[in-house]
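Nothing in this text is a laboratory measurement; each read-out follows from the coordinates by a stated rule. Note that the structure is predicted; figures quoted are calculated from it, not measured. No Cβ is skipped: glycine too gets one built from the backbone with ideal geometry, and neighbour counts run over all protein chains shown.
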Amino acid sequence: MTSILYEHPLNERIRNYLKLEQLFAQVEECLTLDISLSHQVFFNALFAILDTLERNDIRGDLIKDLEKLEQNLVVWSKSPEIDNSALQDTLRETVALLSQLKSPSPQWLQLKDDKFLATLKQRFAMQGGSSSFDLPQLRFWLVQPEQQTREQQSEWLSLLENMYQALALILKFIRQRGTYQQINTNNGFFQESGDGLLLLRMKVPEGAEYYPTVSGNRIRYSIRFMCPCEQTGRKYCDLAIPFELARC
């Protein structure tokens, strides 16, 4: 049966990771679309990535997580049940990313010095400030040959590539920590200890008329299922609801 996946972070670090993952997905998707139609999404996502990196020590968090992953990979390599070839590839990737992220001058900082992006970012931060009459330089950029604008987009994103690769690797291993278990609720509510957990992953059947909302943290969390409601926007779904849960 086809399912819909919902994820919920249990600390601020993972919240930032998931936020960045979604933003990176948006800018990558825009590379396949007509930039004259998708530029609002592209630049809004790009500027949100830069703001998130600037306001939070994402690089420091990724370095710590990569160092932990490197230590674990070394330990796992001693197990006879492990595919050592795949593990060694991941270990080399982890070491390479660590070396890149520990550089005293992160590549993504070059984007802050880009005069064209700086002008756009200032206007995009204002409500309706990205109109063509306010940003003729953006209009000029959009009518350049498609190959030229694509190359410029790829060049900007290449400066974020090591951050994206590190993020993807860390989230991959966090998600692999949990296996799905079938949970049956009597009244659309589930609660338990979250000791040591970082991320919850919930699957509900496609077409289900309800969705999960999560509150809590790594100590304790609760999942409450809600239904759409025309009068109040949403309402508590007090029904017996089965779902799958992975605790990562």
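Measure nothing fancy, just the Cα-based angle from helix 84-101's long axis to the longest principal axis of the chain, in degrees from 0 to 90, nearest 10.
Helix 84-101 sits roughly 50 degrees off the main axis of the chain.
Taking 0.36 nm per residue of separation and subtracting the Cα-Cα distance, what length does fully extending residue 147 through residue 102 add?
The residue 147-residue 102 span can extend by a further 12.9 nm.
So how tilted is helix 115-124 from the main axis of the chain? Cα-based, degrees 0 to 90, rounded to 10.
The helix 115-124 is inclined about 60 degrees to the chain.
Using Cα pairs under 8 angstrom and six or more residues apart, how large is the relative contact order of the stretch 11-174, in percent?
Worked out over the stretch 11-174, it gives 29 percent.
Are there cysteines in the chain with no second cysteine's Cβ under 4.7 Å away, and if so, which?
Cys with no partner Cβ under 4.7 Å: 30, 229, 248.
Let me have the relative contact order for the stretch 178-247, percent, based on Cα pairs under 8 Å that are six or more residues apart.
Here the relative contact order equals 49 percent.
Take 202, 126 and order them by how many other Cβ atoms sit within 10 Å, fewest up front.
With the sparsest Cβ surroundings first, the list reads 126, 202.
Treat the count of other C-beta atoms within 10 Å as a stand-in for reagent exposure and order 27, 74, 41, 204 from fewest to most.
74, 41, 204, 27
Subtracting the Cα-Cα distance from 0.36 nm times the residue separation, let me have the gained length for residue 192 to residue 78 in nm, one decimal.
Fully extending the segment from residue 192 to residue 78 adds 37.6 nm.
In what order do 37, 31 fall by count of nearby beta-carbon atoms within 10 Å, going from fewest to most?
37, 31
Between residue 127 and residue 93, what FRET efficiency follows from the Cβ-Cβ distance if R0 is 41 Å, with the result rounded to 0.05?
In this case the efficiency is close to 0.45.
What FRET efficiency comes out for the pair residue 229/residue 5, r = Cβ-Cβ distance, R0 = 22 Å, nearest 0.05?
0.40
Using alpha carbons only, how many angstrom separate the centre of the stretch 171-246 from the centre of the stretch 53-68?
What the calculation gives is 28 Å, centre to centre.
If a/c stays under 1.5 just call it rounded; otherwise compare a/b with b/c (prolate if a/b is bigger, oblate if not). Do that for the chain, with a ≥ b ≥ c from the square roots of the Cα gyration tensor eigenvalues.
Note, shape of the chain comes out oblate.
What's the angle, to the nearest 10 degrees (0 to 90), between helix 35-55's Cα axis and the longest principal axis of the chain?
Helix 35-55 sits roughly 70 degrees off the main axis of the chain.
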